[in-house]
Amino acid sequence: MSTSLAWNERYAGGDFQFGEAPNLFLLSQAHRLRPHMRALAVGDGEGRNGTWMAERGLDTTSVDWSEVGLAKARALADRRGVALPTVTADLTRWDWPAAAFDVIAWVFVHLPPEDRAIACAGAMRALAPGGLLLLECFSPAQEGRRSGGPKDPALLWTRALVERHFAGLEVLELLDGTVALDEGPRHQGLAEVVRAVLRRA
Ligand SMILES: C[S@@+](CC[C@H](N)C(=O)[O-])C[C@H]1O[C@@H](n2cnc3c(N)ncnc32)[C@H](O)[C@@H]1O
């Protein structure tokens with residue numbers, strides 16, 4: 001079972017488990033991002049994605065339940081000379097602020113089905129009109145691969161899950177397929193993912 005304590009243990013030490021560079025899918029969406037957009041990096045861990053959005057001038061907040069990860073996220077942002085407010089919270093218990101974000105980045109956050117439904121409802125509430133939800137997660141085809149992702153297949157994402165949890169958002173991109181990951185020691189090699197770019201009207 002994934003817990004905040006388990007993630008704290010994974011993040012203990014100097015290495016960045018998923019690297020310090022932003023996720024490549026998020027990077028590929030740079031053309032949609034503008035300075036001063038209000039951004040939320042969901043399950044941001046050690047902060048590679050939140051820091052990158054902050055560096056692009058977005059007013060970014062990172063949320064994660066690992067205080068060890070978020071301490072490293074703040075240190076990374078400090079080193080890069082940007083502000084990165086962090087919130088230590090369980091995504092299933094957090095009081096997601098309503099219509100507060102123009103961009104929500106959901107990168108490799110895999111939750112048990114009931115928790116996923118709660119967190120997705122929170123993200124839906126938090127997305128402002130015109131806001132973008134950018135998601136990359138492992139798909140069921142990742143099972144058996146050693147390039148990363150949860151061991152429990154119930155936590156994997158499908159395009160159908162994206163459509164169900166984020167029903168009502170406009171689908172700008174929704175793809176699944178194989179990508180090459182090179183993200184720190186934990187995400188290395190060919191991987192099977194779902195990618196989504198969704199927009200609130
Ligand atoms: C695979 S890591 C991805 C980290 C980051 N998004 C990245 O791509 O570098 C998953 C992250 O989700 C966080 N997480 C998992 N379940 C969570 C929950 N219920 N509440 C808050 N954070 C959670 C973990 O602490 C971890 O940092």
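Structure data summary
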item	result
Selected residue (only one of A141, A105, A119 is small (G, A, S), within 12 Å of the ligand (Cβ to nearest atom), in contact (Cβ under 8 Å) with a residue 12 or more places away in the chain and in a helix (DSSP H, G or I))	A119
Residue, surrounded by the fewest Cβ atoms within 10 Å (Cβ to Cβ), within region 58-77, restricted to residues that are within 13 Å of the ligand (Cβ to nearest atom) and of a type in the set (A, V, I, L, M, F, W, C)	A71
Count - residues of region 26-54 that are more than 8 Å from the ligand (Cβ to nearest atom) and in a helix (DSSP H, G or I)	11
Among residues of region 78-102, those that are within 12 Å of the ligand (Cβ to nearest atom) and in contact with a Ser or Thr (Cβ under 8 Å, 6 or more places away or on another chain), counted	4
Some residue of region 164-171 being out of contact with any helix residue (DSSP H, G or I) (no Cβ under 7 Å at 6 or more places or on another chain), in a loop (DSSP other than H, G, I, E, B) and closer than 28 Å to G13 by Cβ	no
Only listed residue being touching a Lys or Arg at 6+ places or on another chain (Cβ under 9 Å), crowded, with 21+ Cβ neighbours inside 10 Å, at negative phi and not β-branched (V, I, T), chosen from E46, E55	E46
Which numbered condition Q188 misses (of (1) part of a loop (DSSP other than H, G, I, E, B); (2) surrounded by fewer than 20 Cβ atoms within 10 Å (Cβ to Cβ); (3) within 14 Å of the ligand (Cβ to nearest atom))	(1)
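Conditions tested, residue by residue: (1) over 22 Å from R48 (Cβ atoms); (2) touching a strand residue (DSSP E or B) at 6+ places or on another chain (Cβ under 9 Å); (3) in a loop (DSSP other than H, G, I, E, B); (4) not aliphatic (A, V, I, L, M).
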| residue | (1), (2), (3), (4) |
| --- | --- |
| L84 | no, yes, yes, no |
| V87 | no, yes, no, no |
| D90 | no, no, yes, yes |
| R125 | yes, no, no, yes |
| R145 | no, yes, yes, yes |
| P150 | no, yes, yes, yes |
| V162 | yes, yes, no, no |
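No lab work stands behind these numbers, since they all come straight from the coordinates. Predicted, not measured: the structure shown is a model, and the values here were computed from it. Please note: Cβ atoms are built from the backbone with ideal geometry, for glycine as well, and neighbour counts cover all protein chains shown.
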